[in-house]
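Report on the structure given below.
The values are calculated or read from the model by the stated rules, or taken from the named source; none is laboratory data. Everything quoted here is computed from the prediction, not taken from an experiment. Neighbour counts are summed over all protein chains in view; Cβ atoms, including those assigned to glycine, are modelled from backbone coordinates with ideal geometry. Protein only, heavy atoms only, side chains kept; ligands, DNA and RNA dropped before computing areas. Shrake-Rupley method; radii C 1.70, N 1.55, O 1.52, S 1.80 Å.
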Amino acid sequence: MSEIPAGVVRPALAGLIPYEPGKPVEEVQRELGLQRVIKLASNEGPLGPFPQALEAMERAAAELNRYPDGGAYRLRAALAERHGVRFEEVAVGSGADGLIDGISQALIDPGDEIVCGWPSFPSYVIYGLKLGAEPVRVPLRDHRYDLEALLAAVTPQTKVVYICHPNNPTGTINTRAELDAYFERVPDHVLTVLDQAYFEYIEDAEYPDGIDEYFKSGRKVIVLRTFSKIYGLAGVRVGYGIASAELVTAMSKTRRAFDLTTPAQEAALASVDDPDEVARRRQANLRGRGELERLLRDAGYDVAGPALGNFLYAEVGEDAQAVFEALLREGVIVRPLAGFGAPQALRITVGTSEEHAFLGEALQRLGTGAAAS
């Protein structure tokens, strides 16, 4: 087969490093010949879908010969009612990541700039680069987004500013006062993407609801949420954003047709109104996060905080890849963070107590501060 001629592939892709997902359990078992492998790498909820979501997907299976509702009408209507916004102000996509892609395609031209903290979620940078944008990465301050520096990085060429809240991978937040001050000062030509993928895990007086406090007050913002985390639906990919009807319409023009499958829509719809189960999982995550933090500190690692998501960021030394590989050989998959801008750190997802015990035993076998130097 002949090679693609020079100049056919877009130049913007030449130096692009694609997003690298966490290793699947089966792949690690196969490669290393291990019977038991646990995955604490991808910030998935450890409890699976809600029971009613499983039932909804089972019912939907009988109609899989039909295309899904391309407009996700029932799901968008339910989300609009839940958040007290108009139907036209609800965008949906294949996870929050799909919405970041849609925002980028709707707004960014070659030569535009996007601004984000760093280390942070790589998709902000990757989707901008795909379209020929110039990403401006603003270093974190004390593992938190530095909103003053973020504002200072904005230029007339800036189209989008991303605020990851809590930040992935550090798990930290900015206070309400800091965000209020940011929104008072951000220029009118900039769209702010407030990424609240881990919103449901957080009970903190300083953590604002971006929809109620910024979108509804008229700020130029899209607030992102997802069903991938506390709702246990990472495998079916459902995210949504609340934004102006104008932006939602523009994003709808960039979406692939039928990108939300029928089982995905039905599972999300069945999960929307169960505050008791959300609260139960939030408390379980709180206990698990404390358990995981003690375990990592006992192993000699520096853990960023206070962390409020379902994961922890651990500084492990100059070469986190070596620690990652050592844990992999012990049957524990965690997340190395070179692709997030933090080659000296690992991200570890909150799991079950039994999974934490397995991780603890692996760390003991590796020795305190497992290969941190």
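Would you please give the FRET efficiency between Glu354 and Glu58, computed as 1/(1 + (r/R0)^6) with r the Cβ-Cβ distance and R0 = 30 Å, to the nearest 0.05? Mind showing how you got there, number by number?
Values: r = 27 Å, r/R0 = 0.91.
That pair, Glu354 with Glu58, gives E of 0.65.
Per-residue extension of 0.36 nm, minus the Cα-Cα distance of Asp209 and Glu27, leaves a gain of 61.7 nm for this segment. Compactness ratio for region 60-138: Cα radius of gyration over 2.2 N^0.38 Å (N = residue count) comes to 1.42. Arg66 contributes about 150 Å² of solvent-accessible surface, heavy atoms of the protein only, 1.4 Å probe. The value of relative contact order for the chain, using C-alpha pairs under 8 Å at least six residues apart, is 24 percent.
Shape verdict for region 1-125, please, from the Cα gyration tensor: rounded (a/c under 1.5), prolate (a/b greater than b/c) or oblate.
Numbers: a/c = 1.67, a/b = 1.11, b/c = 1.50.
Since a/c reaches 1.5 but b/c is at least a/b, the shape of region 1-125 is classed as oblate.
The portion of the accessible surface of the chain made up by carbon and sulfur, rounded to a whole percent, is 51 (1.4 Å probe; DNA, RNA and ligands excluded).
According to the square roots a ≥ b ≥ c of the eigenvalues of the Cα gyration tensor, what is the shape class of region 276-373, taking rounded for a/c under 1.5, prolate for a/b larger than b/c otherwise, and oblate for the remainder? Taking the square roots of the gyration eigenvalues as a ≥ b ≥ c, region 276-373 is prolate. Distance between the modelled labels on Asp319 and Arg287, one decimal in nanometres: 4.0 nm (7 Å Cα→Cβ projection). A full extension of the chain between Arg294 and Gln105 corresponds to an added length of 63.8 nm, given 0.36 nm per residue minus the alpha carbon distance.
Rounded to the nearest 500, what is the chain's calculated 222 nm mean residue ellipticity when only DSSP H runs of at least 4 contribute -39500 (n - 2.57) each, over all residues? Display every interim value, and only then the final one.
Values: 12 runs with 132 residues, N = 373.
For the chain, the value works out to -10500 deg cm²/dmol.
The modelled label-to-label distance between Phe258 and Arg329, using points 7 Å beyond Cα along the C-beta direction, is 4.8 nm. When nucleic acids and ligands are ignored and a 1.4 Å probe is applied, Asp101 ends up with an accessible area of around 30 Å².
Would you mind working out the accessible area per residue for region 169-227, using a 1.4 Å probe, and quoting it in Å²? Intermediate results must be reported in sequence, preceding the final value.
Values: 2110 Å² over 59 residues.
For region 169-227, the solvent-accessible area averages 36 Å² per residue.
Taking all protein chains as shown and a probe of 1.4 angstrom, Leu269 keeps an accessible surface of around 40 Å². Averaging Cα coordinates gives a centre for region 205-243 and one for region 266-340; these two points are 21 Å apart.
Taking the centroid of alpha carbons for each part, region 1-37 and region 57-135 are 23 Å apart.
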